[in-house]
Amino acid sequence: MLELLSVISLNWPAAICILLGFALVIVEMFVPGFGAPGITGLALLLVGVVLASNSVLEAVLLVTIIVILLCLILSLFLRSASKGRLAKTPLVLSDAANKKEGYSSAEDLSYFLGRKGVAVTPLRPAGVADFDGVKLDVVADGEFVSKETPLVITKVEGSRIVVAPVNERS
């Protein structure tokens, strides 16, 4: 009886390492990525195998059993994800942020439409212009516009601001 208790007490660290390793690897199956739980779980499984086995044959047998059990658990998880309870819970966000509900990906610059300003840099066709102290990235409607040319905003398409020289519009 004493020999049995001494064998069990010697294998408690191995059993704890293997159980914790299994638990952490299973956690890693549910958490995306290959992170700390998976690496720690694999390390604990390895330590548990080394502590539990007395020979290389026992270690190979134990590793084979662990791999088979992990494959079974993974197959159950994948089956649940495709047909079971996990398939019924949405994993992808189904809501959309659209303009009809008031969402916008860029600031609405349409209030600049018709404002007059001056080209700060040459527009070839893109550059910078100043409108009442506000510097904006703009695109010329035609070809080249030289620096210090008076401009007017003709179109606003999202964050794209189209300008034309004032003398062409008047």
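Observations
- In nm, spacing of pseudo-spin labels at Ala36 and Lys100 (7 Å Cα→C-beta vector): 4.4 nm
- Amide H to amide H distances under 5 Å link Thr149 with Ala119, where only residues 5 or more positions off or on other chains count and H is placed in the peptide plane.
No value in this document is a laboratory result; all are computed from the given coordinates. Just so it is clear, the model here is predicted, and its values are computed rather than measured. Please note: Cβ atoms are built from the backbone with ideal geometry, for glycine as well, and neighbour counts cover all protein chains shown.
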